[in-house]
Amino acid sequence: MSKVKQKLRRGGVSIMVQLISLLGSFSIVLLLAVLNGSIGYLCAMGVTLSGALGVAKVLGEQISLSYGGIIALAVGCGILRGLLRYIEQYSNHYIAFHLLASLRDKIFRVLRKLCPAKLESKQKGSIIAMLTSDIETLEVFYAHTLSPICIAVLVSLSVFLFIFFGVNPYLALTALLGYLTVGIAVPVISSGALQEAGVNYRREFASFHSYFLDSIKGIYDILFHNAGEKREKEVNRRSEILLKETKKMKDASAKAAAVTELIVTVFIVLSLVVGIALMRTGQLSAGKMIIGVVAVFGSFGPVIAISALPGNLTQTLASGDRVLNLMEEQPAVEEIRNGSSIVYEQLDVKNLSFSYKKNEPVLKNICMHADKGEIIGIVGESGCGKSTLLKLLLRFWTKNSGEINYNGMDIETINSDSLLDNVTMVSQTTYLFDDTIEENLRIAKPDAIQEELERACRMASVHDFIMTLPDGYRTRVGALGNHLSAGEKQRIGLARAFLSGRELILLDEPTSNVDSINEGIILKALAEQKSRKSIILVSHRESTMAIADRVYKVENGLLSEINTN
């Protein structure tokens, strides 16, 4: 298997067929674009052919049109060409932009299904590149590839038939040979040279985009650790690699374009030679020879457009492959819609085992339970599987064996929406949108009133801080919450959990970024909530475990209850 084929999951033809299958109802608009484009190009040829008809009439050829009629034909063809060209371009871009909007919607739906399990291993920069650059690249396919190919076929066939029956079969066969060479042979040969360059360019572009985005996100940490020079060198190195791949692609495209122009010139000269030869042997009059040769001269535009496609098409195929791969990717867990609904009362975990990779167990035969009104503590070394256990309780991953029962019902039989209506989690890293604190809180409860927001924030020990800000709850947090400290973001995340009103709250290191005073306030709030909720608290701090009714320890993938008395 070639190097390029290893990088593309599917072949170029397969990618194009799948992209075409996405057209759906837009196929009618594509047909309109092709018809208008074909007739429009024939009208453009009609302008020059009108001149050829005039010359042929002067040379004595029997032309039924008068000179005035020939002039009217030329003017009419010119006007009609402009109108049809506009309709063609409008149709193509109507398809492209509406279909790309539909594709973005489909990709977001796929990402929603893949969240959060599979997206944990995907680079966010690569996904952003797919939603922006890759989708925009597909616009080339829908607006500048599909209809030009169809137009080239229809125009070439029309000119061939016109010359074959109206001028001379030999001249028509010469033109056909030129069409096949420029429209099929050249693109096939050049695509082989351009495909690897295009795939490499898209891969390096996505890699650079992801690395550069990470560098911007982590700019503070880079500065704090004086790693700017090293990071800059790596950015420059990756930029140079991307530049080299860009040059390779552009060089290959330029060579292919030069070869195409050379071959077109050869066939134009060949058509002229054949026309003169036919005229000298008496098989063709001078007037018809001029009409036929002018028709051939003006008919190579659509096939030249096809020969130029591989330069852009290689990038399109690479982008299409990446988009189709994502759309076909299966989620780690399927959403449950026809199961049961619950109102949380208790949780029982029995003999639960899980591994990310085969024969590498993370959790083994885990047993635990939690009732409403309890705070359960879980401790253990970093990387022992504490966070994984919490994600299994939310069904972010599917357990390998054992049971996770809510109110006696297995988690695999509970509707996903119902599960998330009863269980929420505060992770170690709280994501804040570039919006106000108020709107970031309302993600947990969109219809929350101001009193509810303030009550939740007081419980999370963040209300007083918010009130010191210039705009209070309407203060914008900045991109990625950069206007707030890690501890402040974490407390807002905890306030979200309180605001949501979920009956089971999973807390993954909720006090890791706060000082001892704020930790005490948060723990006091948790203790006050336990009468109405279940709280499972993961932490490495012994002081945090002081409020727990029972404490479990995770070690070597096993869970055991420890005596805290």
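A few remarks follow.
- For LYS217, the lysines whose Cα falls under 22 Å of its own Cα, not counting residues fewer than eight places away in the same chain, are LYS118, LYS122, LYS124, LYS230, LYS233, LYS489.
- Helix-derived mean residue ellipticity, 222 nm - over the chain, DSSP H n ≥ 4, -39500 (n - 2.57), to 500: -20000 deg cm²/dmol
- Across region 433-446, coupling constants 3J(HN,Hα) worked out from phi with the 6.51/-1.76/1.60 Karplus curve, θ = phi - 60°, read 7, 6, 8, 6, 4, 4, 5, 5, 5, 5, 4, 6, 8, x Hz, and Gly and Pro carry x.
- Percent accessible area from carbon and sulfur atoms, the chain, protein chains only, probe 1.4 Å: 59
- Probe 1.4 Å, accessible area per residue of the chain, Å²: 49
- Highest to lowest packing among 42-48, 274-280, scored as the average C-beta count within 10 Å: 42-48, 274-280
- Measuring r between the beta carbons of VAL188 and ARG104 and using R0 = 30 Å, the FRET efficiency lands at 0.40.
- When ASP221, ASP549 are compared by accessible area at a 1.4 angstrom probe, the order from most to least is ASP221, ASP549.
- Against the chain, whose longest principal axis comes from its Cα atoms, helix 146-166 is set at around 10 degrees.
- One Cα centroid belongs to region 504-565, the other to region 33-63; the line between them spans 84 Å.
- Table column - 3J(HN,Hα) (Hz), region 485-502, Karplus curve with 6.51, -1.76, 1.60, x for Gly and Pro: 7, 4, x, 5, 5, 5, 5, 5, x, 5, 4, 4, 4, 5, 5, 5, x, 5
- Calculated FRET value between MET409 and THR436, using beta carbons and R₀ = 25 Å, to 0.05: 0.05
- Across the chain, Cα pairs under 8 Å and at least six residues apart give a relative contact order of 15 percent.
- Modelled label positions at CYS367 and LYS250, each set 7 Å beyond Cα in the direction of Cβ, lie 6.9 nm from each other.
- Cross-link check: pairs LYS364/LYS399; LYS357/LYS399; LYS350/LYS399; LYS113/LYS445; LYS445/LYS533 evaluated at a Cα-Cα cut-off of 20 Å; pairs beyond the cut-off: LYS113/LYS445.
- Lysines whose Cα lies under 25 Å from that of LYS57, excluding same-chain neighbours fewer than 8 positions away: LYS288
- Amide H contacts of VAL362 (H built 1.01 Å from N, in plane; Pro and chain starts excluded): PHE354, SER355, TYR356 sit under 5 Å, all sequence-distant by 5 or more or on other chains.
- Residue-wise HN-Hα coupling along region 541-558, computed from phi with Karplus coefficients 6.51, -1.76, 1.60 (Hz; x: Gly, Pro): 7, 5, 5, 5, 6, 4, 8, 6, 6, 9, 10, 10, 10, 9, 8, 6, x, 10
- Proximity of backbone amide H atoms, modeled 1.01 Å from N, is registered between VAL426 and LEU506, LEU507, ASP508 at under 5 Å, excluding neighbours fewer than 5 places apart on the same chain.
- Spatial offset of region 149-179 relative to region 433-496 amounts to 70 Å, using the alpha carbon center of each.
- Positive-end extreme of charge dipole, region 390-547 - chosen from GLN428, ILE443, ILE535 (charges on Cβ): ILE535
- Listed as lacking a disulfide-compatible partner in the chain: CYS115, CYS150, CYS367, CYS384, CYS457, by the criterion of no other cysteine Cβ under 4.7 Å.
- Of all DSSP-defined beta bridges confined to the chain, some 50% are antiparallel rather than parallel.
- Cβ charges +1 (Lys, Arg) and -1 (Asp, Glu), total dipole of the chain, debye: 1900
- For ILE378, distant residues with modelled amide H under 5 Å away: LEU537, VAL538, SER539, TYR552
- Residue order for TYR90, TYR41 - accessible surface, 1.4 angstrom probe, largest first: TYR90, TYR41
- Residue among VAL349, GLY383, GLY478 farthest towards the positive dipole end of region 335-484, charges placed on Cβ: GLY383
- Inter-probe distance in nm under a simple model that places probes 7 Å from Cα toward Cβ, at THR468 and SER340: 4.9
The values are calculated or read from the model by the stated rules, or taken from the named source; none is laboratory data. Just so we're clear, the structure is a prediction, and the values are computed from it rather than from any experiment. Neighbour counts are summed over all protein chains in view; Cβ atoms, including those assigned to glycine, are modelled from backbone coordinates with ideal geometry. SASA here: full protein model, heavy atoms, side chains in, ligands and nucleic acids out. Shrake-Rupley method; radii C 1.70, N 1.55, O 1.52, S 1.80 Å.
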